[in-house]
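Notes to accompany the following structure.
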Amino acid sequence: MTKINISIVTYNSSHIFKVLDHLRSEFGIDERFGFTIFDNNSTEEYKKRLRKYEEFAKITFYHENRGFGFGHNYNLLNANEKYFVIFNPDIILNKQTLLELFDKMEADPSISLLVPKILNADGTTQHLIRNRVSVFDYALRFIPFKFVKKIFDKRLASYECRNIADDRFVDIRIGSGCFMFLKGESFKEVNGFDERYFMYFEDYDLCLELKKRNKRIVYSPFSSVIHFYERGAHKNSNLFKIFMKSMYKFFNKWGWRFF
């Protein structure tokens, strides 16, 4: 029986309990799926609430906050399942969606990473696929002036892959780490996430490591999940600082592309 390990990393997430209630309702005790939660030293009240789900998921309560990539590596690098799922604590996933992704991966063994369509709660699409990464594109996304974004709308549309095909599977360069369906052996081959990124850019880095080894990353428009996308780095100065540090590390590693 092929098993799937669904890895969730948390830190005082505002959505996690709603998400876990939904997962428990959707998946029940289906032994094909295992849920592994890594808590990055959340508050005691949060951990107390999280412990109520220990009959549903294997939970690690870590003594410090080591970041997103560290938590997923802890959950998965020594796991034995054939497939892994990188799963944000703000994702709503239906069982049928996961089975669709599983069937595609089983049918096409050349794929190492499969990403679904990511939707807002209102059903609109979050454009999180990337085929390039540049400093200029990131500056455009953070600039608050709408007239500037309007001037460069075609540039932003290209960066966000807004015109990606909606009627077929598409090979891509970079998918979002909010939800990834991975071959376990491929994740291990690149040693998981680069833990030098505390948060942000570790998903881009993972995809580029896979591409460097000629692994296929594929987008499926036929399956979707809901993501309560809060764009924290746009609203919180501390998260913005973390974002900037990770961006610096990313471009130092992969080469600076300004435009």
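Couple of notes before you dig in:
- Low-density loop cleavage sites - GluC sites (Glu not before Pro) in region 30-105, where at most 16 other Cβ are within 10 Å (DSSP): GLU31, GLU54, GLU55, GLU64
- Computed over neighbours whose Cβ is under 12 Å from that of PHE193, the net charge equals -3, Lys and Arg +1, Asp and Glu -1.
- Rg to Rh, two decimals, where region 161-259 supplies the alpha carbon set and Rh follows Kirkwood: 0.97
- Normalised by 2.2 N^0.38 Å, where N counts its residues, the alpha-carbon radius of gyration of region 1-108 equals 1.05.
- With an a/c value of 1.5 or above and a/b not larger than b/c for the gyration tensor axes a ≥ b ≥ c computed over the alpha-carbon atoms, region 151-202 is described as oblate.
- With Rh defined as the Kirkwood radius, the inverse of the mean 1/r over Cα pairs, the Rg/Rh of region 74-120 is 0.96.
- When the alpha carbon gyration tensor of the chain is reduced to an equivalent ellipsoid, its three semi-axes come out at 28, 22, 18 angstrom, largest first.
- Shape call, region 1-58: gyration tensor on alpha carbons, a/c limit 1.5: prolate
- Three-way shape call for region 182-224 based on the alpha-carbon gyration tensor, with the a/c threshold at 1.5: oblate
Rule-based calculations on the coordinates, nothing more; no lab input. Remember, it's a predicted structure, so these values are computed and weren't measured experimentally. Quick reminder, even Gly has a Cβ in these numbers, built from the backbone with ideal geometry, and neighbours come from all protein chains shown.
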